[in-house]
Every structure is written in C-alpha cells, then in structure tokens.
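Read through the structure below, which is laid out as structure tokens, and then see the notes.
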Amino acid sequence: MTGDRVYCRSLPARPAGNPRPARAVFAGDDLTTKDPLRIMFDRILGIFSRDIGIDLGTANTLVHVRNRGIVMSEPSVVAIDAKTRRVLAIGAEAKRMVGRTPANIIAIRPLRDGVISDFDVTEQMIKYFVNRVHDRVGLIPRPRMLLGVPSGVTEVEKRAVRDAALNAGARWARLIEEPMAAAIGAGLPVSEPSGSLIVDIGGGTTEVAVLSLGGIVVSRSIRLGGDEMDQDIVTFARREYNLFLGERTAEDIKIAIGSAYPGEWDAQRVTLRGRDLLTGLPRSVEVGADQIREAIEPSVAQIVETVKDTIEETPPELVADIMDQGIVLAGGGALLAGLDRRVAEATQMPVHIADDPLTCVARGTGIVLEELDSMDRVLLADTYSRPPR
C-alpha cells in the first residue's frame, strides 16, 4: 500500500570456512522424510522393534526375524468383506475359505505373478505380519524391513512394494531381488569372483540368474510357476474328462503325484474329484502320474527353455564355473519330482536342489539383515523417496 514502509534486516552471512554442521545419520534412519522429530521418534521405537525380512510370494509369504529365524509361513490369501472391504482373515485361515465363501465374503490373493495386484490389501497383510512378530511389545512397532521382489519387475512395481511396507509401519524399507536372496539363502558364494546359477521357481514367477561379485550378471524372469501348472491340470481334466476342478484340488494333485521326468513315482495314482460339465453332478476319475506329467509339460518345458536361454547369454568364464558348481534349484517348484533330472538332461550340467528350497529367499533376507554393512551392495538402489503416510 502507498505510504507503508517495509524494513528488511539482512542476516549475517555464514563465514566461508564454517559450513553448516551435518546431522549425524544412523543405520536404519528413514531418509525419505526430512522431519527430525519423526526420525528421532522412529529411532526410539526402533530400539524395541525387530528387523524383518519378508519373502512376499504369490502363493506363500514367509517372515524372517533377525536372530530368530523364520517365524511365519502363511499363504498369501486375504478374506475381505465385499461391501466394506474390511479384512476378515489372513493366511491359512483365509486360504481355507477359497472357493467356499458366501456372497458377502471374497477370498483374494493380493499378489499376482510376484507383484502387487491389490495395494491396500497387501498393506493390511504386511501390517498383520508385523504385528504378529511384535505381539509381546507394548510400543508401536517400527522395524527395518527387507523385501524380496522378482528381478524383472518395473520401477512402479518396486515402488508399490516399498510403499506398502512403509505404510504398514516400517521405518526403513529396502528391496532385494529374489534370485539374489535365494542364492544367499542357499549358501552360494555370490560375493566371490565365480559364477553361480540359481533357478527360483515360485508360485507366479520363475527367476533364472547368473551371479558373480555380489551382482546379477545375466537374468531371465518369466511370469510362470506353480500356479500355471495348477491351471494346466484344470485344463487337462476339462479337456480329457469334461471334469471341472477347483484350483486347490489341482494344487493338491500336483503336490501328490506331479513330476517332470519319468521315475519310480510313475506307479502312483490319484482320484480327481470335481463337477461333471455335461450332467452338472459330482464325479470322480482316477488318473496316473504319467498323465499329470503330460498335463504340466508345457509349463515345465518353458522353465527348462528359460534356463537354457540364460546359459546361452552367460560369459564363457562364468559358464565354466557353473559347470563345476552346478545349477541350484530353489522355490516351491524345485520340489516337483524329477525336475532336477529334467534340467540336468537338457543342460548337460549337474543340478542340485537347495536345502529347504521353500525358505531360501526368506533365509537370504535374514542373512543380509544380519550383515547389512558388508552386504549393502546386493540390495536394489533407492531411486525414489517419499515419507510414509
């Protein structure tokens, strides 16, 4: 306004040789937020929280707690109210509801092909696991969290996983590629200057990676795994016997007599129970292991082809190392009878199944959390930052 005077007092300039003192940064600080009060609050709660490694799988989620080992292994299934979207059950209890729910309850799998398909439900599921781990702690849990993601995911899919962890209560969340975590959990020398080949066959994805010097040299990721084999069995029953099977029934048949190579298990037989598509009435049919092997052959052939393609792209020095050490199979798909023989025949290399292949990724995240200072380079770089909401 006219007539008003504005007085401005200039602040003295900071001397050139006296820069602003830097704030000390502690391991575990969430640097995605600039609020010092929040950082201090998180650090205090972090003293009472436990570091957690999570294998967010399409079929199962495993939780590893630092210095305690794997404490939880639950199916990645959530039952929610169709109207209010309220979570009713998570894990094994929710899986028992699949295919048996009334109209007002939906049993869903919030992860498809190894990535998040329903963000809010995944966030609730992670929060449930965090609270289960900290059930005896009175304060709000604010753990450091390390999560496994498939090697072929996009930046958007990586961010979705990290955001879900932060929103579920993590004060620090980092990601590690699942083949790297599986190799560490299987005891492979990933930090040595020698090649290691890991094949991680999960429910929704199959990861094949060649590792050396703490990094991935060559990798292939296909969105095919145990779920696709289940679907192959459903298609086989429909095509050959006009029988409609449920997903859980198909999975049980695969576990019982599924195989990838002829062997002593071929004498086994199992009964398919489902609905006859012609009459609409229940019907049962007995099938042999050789028929189920034929049914899942397309999926098995694609996995074997992916392994061969990865070896073709591998530098010759690393191929020589892999021929000495052999190929290691991990993940639930490694338990398919005869798969090691099938891969060995196709690649002309020795093939080993990892000890307890289902838990390799979760054990790998636990090892990285315990040796975070020396193994920081195996983690995915943070290419984005945001405060938790």
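Extension gain E297-T101, at 0.36 nm per residue separation less the Cα-Cα distance, in nm?
67.3 nm
Could I have the simple spin-label model distance between S73 and A320, label points 7 Å from Cα toward Cβ, reported in nm to one decimal?
Inter-label distance under the simple model: 3.9 nm.
Fewest to most neighbouring Cβ within 10 Å: what's the order for L211, L335?
L335, L211
Report the full-extension gain for the segment S191 to E155: residue separation times 0.36 nm, less the Cα-Cα distance, to one decimal in nm.
Gain on extension, S191 to E155, equals 10.4 nm.
Say the cut-off is 28 Å between C-alpha atoms; which of K83/K127; K95/K127; K95/K308; K95/K254; K83/K158 go over it?
Beyond 28 Å between Cα atoms: K95/K308; K83/K158.
Whole-Hz ³J(HN,Hα) for each residue in the range 282-299, computed from phi via Karplus 6.51 cos²θ - 1.76 cosθ + 1.60 with θ = phi - 60°, x for glycine and proline: what do you get?
x, 8, 10, 9, 9, 10, x, 5, 5, 5, 5, 4, 5, 5, 8, 4, x, 5
Quick one: 3J(HN,Hα) in Hz for the range 269-277, Karplus 6.51/-1.76/1.60 with θ = phi - 60°, rounded, Gly and Pro as x.
For the range 269-277, the Karplus curve yields 9, 9, 9, 8, 10, x, 9, 5, 6 Hz.
Using alpha-carbon positions, what is the distance between the centroids of the range 72-114 and the range 123-175, in Å?
After rounding, the separation between the Cα centres reads 19 Å.
Neighbour counts of other C-beta atoms within 10 Å: give me V287, V161 arranged from fewest to most.
In increasing order of surrounding Cβ atoms, one gets V287, V161.
Looking at I126, G114, T101, which one has the Cα that reaches farthest to the positive end of the dipole of the range 92-131 (charges on Cβ: Lys, Arg +1; Asp, Glu -1)?
Projecting each Cα onto the dipole axis, the largest value belongs to T101.
What dipole magnitude, in Debye to the nearest 20, does the range 227-296 give about its Cα centre under +1 on Lys/Arg Cβ and -1 on Asp/Glu Cβ?
Roughly 340 debye, rounded to the nearest 20.
Test of understanding: ordering E123, E345 by Cβ neighbours within 10 Å, fewest first, what list do you get?
The order, fewest Cβ neighbours first, is E345, E123.
How big is the range 227-296 along each principal axis, measuring the range of its Cα positions in Å and listing the largest first?
37, 23, 17
Run the simple label-point estimate for A92 and Q348 please: 7 Å along Cα→C-beta, distance reported in nm.
In this crude spin-label approximation the distance works out to 4.7 nm.
Residue separation times 0.36 nm, minus the C-alpha to C-alpha distance between N131 and R377: what's the value?
85.6 nm
Throughout, read-outs are computed from the coordinates displayed, never taken from laboratory work. Everything quoted here is computed from the prediction, not taken from an experiment. Here the Cβ is made from the backbone with ideal geometry for all residues, glycine too, and neighbour counts use every protein chain on show.
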